[in-house]
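Encoded as structure tokens, the structure appears first; notes follow it.
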Amino acid sequence: MSNEHERSRHGRSTASRSTASRTAWAALTATVTSGALALAGCAPGSPAADPTESGKVSLKLTSDKITIKIQDETGFPVSDDLAKEFTKQHPNVTFKVVRDSFANLTANAPRLMASTNAPDLIRLPTLGDTVKDGLLTNLDPYYKGFGWDKFSAGQLAASRMSSKGVRGEGSLYQLGLGYSVTGIYVNQKYAERLGLSGAPATIGELEQWMAKAKAAKILPVQIGMQDGVGTFALQALINQYGNKSDLVDWMFNKSGATFDTAASLKGATVFKKWADAGYFPDDVNAINYTTMVSNFQAGKGLLMFDGNWDAAGTDKAMGQGAATFVPMPPAAGDGKYVAMGAANSFSIPAKAKHADAAAFFLNWIHTDTKARQIVVDVTGASPGGDPARQLPKTKKGSLIEQALKVSAEVAADNGFVDFMANTTSGIYAGAFQPYEQRLLTRRMEPKAFTDAIQQYYEKELAGA
């Protein structure tokens, strides 16, 4: 689940939407791939000093004729569309977009950035050792100059890293071409049958919805744990039962932070309670992400915990209006919205020939009306930026429109957090996935679960 978590994109055709859905999940699980491991530990060489260390940058786009080189992944057409529109507005700037598979790009990113022909902008799913090895441009001068301080701090947190290698603090090294948000899909046919409307205001009300569905012999929650997608629901609970900063500190490997908190225990306890109550499919551990989504779209379940990357596909499969997308409710009625979300993150290499122009391009993507519209139209993701800025146009009543509203609500509450499956390179496949499978099938108790996750975390950080 996790990385850039989110990758929430949908192309314009059925084929590209299918590719987007697959690559979205691939990104969510990227921390357990060999590519992510390679990025974390194989940054070669020691490139030139960070060109923005002095803070002397230009916020004005050059009038010279230049070509910005973008290193991107396959199946992610939004960068082409954005480049085309930028050149239309600024004819002196053209682009060269080079693509490779997600796995190859992740594995080769350090080598590409350290080369004498480094790209000006690169898709970088995880920071790894790139900051420590001096491979990235520090974006702080641009952050101050362009006014990025108005952006949701939580949405940018995962793109920060300190000089000690702690994520979530220190300087900014990435921005996104679209931002994901998680929430709950609701089957409206079942909701109307059960007399439910709008969105649940609290977790208690959400549980009442589940109980009503179970009593009416409707599956309350379509969910799967074969490949760990159920972690969306678990983290949605943990997010609401404590101070989100405690979980964020742990995810960003801050010294002294722990998963073994009251919020984690409460979240795991409620998660198990839902399974024990029969709110999940009987074969939950045999259902993977793709099956979960197709099951929900086929009418199997009242609710589904998922992200905005499936909004366009769900509208297409079910018909507009057949489902709604709502935020995870807080534990109490006066609570704030908290949701997992991450950037489709891009960085400027330290050796970029056109760092200022690349930063100008990133700022333009977040502020230009046409650019923000392209991000929504091509990916279905939130364009990010200042949450006070008007949202791009969407088809009225569409799930994309609803997801954008949810994203804006979470941003307004500064409620974005990273995905806990991104915490370390191996914790998703090595701990969350197998231990949650046991938790949901009465083979592990909640306290044992939180203890086991923390133990795995400590061993991995220690290199054991």
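The values are calculated or read from the model by the stated rules, or taken from the named source; none is laboratory data. Computed from a predicted structure; not experimentally measured. When we count neighbours, we look across all protein chains shown, and the Cβ atoms used for this are built from the backbone with ideal geometry, even at glycine. Each accessible area value is taken on the protein alone, full model and side chains, heavy atoms only, with ligands, DNA and RNA left out. Shrake-Rupley method; radii C 1.70, N 1.55, O 1.52, S 1.80 Å.
Please verify whether segment 354-376 includes one or more residues that are free of Cβ contacts under 8 Å to residues at least 40 places away in the same chain, out of contact with any strand residue (DSSP E or B) (no Cβ under 6 Å at 6 or more places or on another chain) and of a type in the set (D, E, K, R). Checked against the condition, which is being free of Cβ contacts under 8 Å to residues at least 40 places away in the same chain, out of contact with any strand residue (DSSP E or B) (no Cβ under 6 Å at 6 or more places or on another chain) and of a type in the set (D, E, K, R), segment 354-376 yields at least one hit.
Scan segment 185-194 for residues that are in contact (Cβ under 8 Å) with a residue 12 or more places away in the chain and either within 15 Å of the chain's Cα centre (by Cα) or open to solvent by 10 Å² or more (accessible area, probe 1.4 Å) (or both) and jot them down.
Quick first cut of segment 185-194, residues in contact (Cβ under 8 Å) with a residue 12 or more places away in the chain only: 185-191, 193-194.
Residues satisfying the conditions are GLN188, LYS189, TYR190, ARG193, LEU194.
Residues being within 17 Å of ARG160 (Cβ to Cβ), at pLDDT 95 or above and out of contact with any Pro (no Cβ under 9 Å at 6 or more places or on another chain): count how many of those fall in segment 349-384.
Of the residues in segment 349-384, 1 are within 17 Å of ARG160 (Cβ to Cβ), at pLDDT 95 or above and out of contact with any Pro (no Cβ under 9 Å at 6 or more places or on another chain).
Residue pairs whose Cβ atoms lie under 7 Å apart, sitting 6 or more positions apart in sequence or on different chains, and linking a residue in segment 445-464 that is under 19 Å from VAL270 (Cα atoms) to a partner that is of a type in the set (Gly, Ala, Ser) and crowded, with 16+ Cβ neighbours inside 10 Å, are PRO446/ALA268; PHE449/ALA268; THR450/SER264; THR450/ALA268; ALA452/ALA431; ILE453/ALA431. For ASP120, indicate whether it is charged (D, E, K, R), more than 23 Å from GLY415 (Cβ to Cβ) and in contact (Cβ under 8 Å) with a residue 40 or more places away in the chain. So ASP120 fits the description; yes.
Okay, residues lined up against (1) within 28 Å of TYR190 (Cβ to Cβ); (2) at pLDDT below 95; (3) part of a loop (DSSP other than H, G, I, E, B); (4) open to solvent by less than 10 Å² (accessible area, probe 1.4 Å):
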site	(1), (2), (3), (4)
SER245	no, yes, no, no
ASN253	no, yes, yes, no
GLY278	yes, no, yes, no
ALA312	yes, yes, no, no
ASP334	no, yes, yes, no
SER345	no, yes, no, yes
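Counting only helices (runs of 4 or more DSSP H) that sit wholly inside segment 72-175, those with at least 3 residues that are more than 25 Å from LYS60 (Cα to Cα) are 102-114. Tallying residues that are of a type outside the set (D, E, K, R), without any contact (Cβ under 8 Å) to a residue 60 or more places away in the chain and part of a loop (DSSP other than H, G, I, E, B) within segment 199-241 yields 1.
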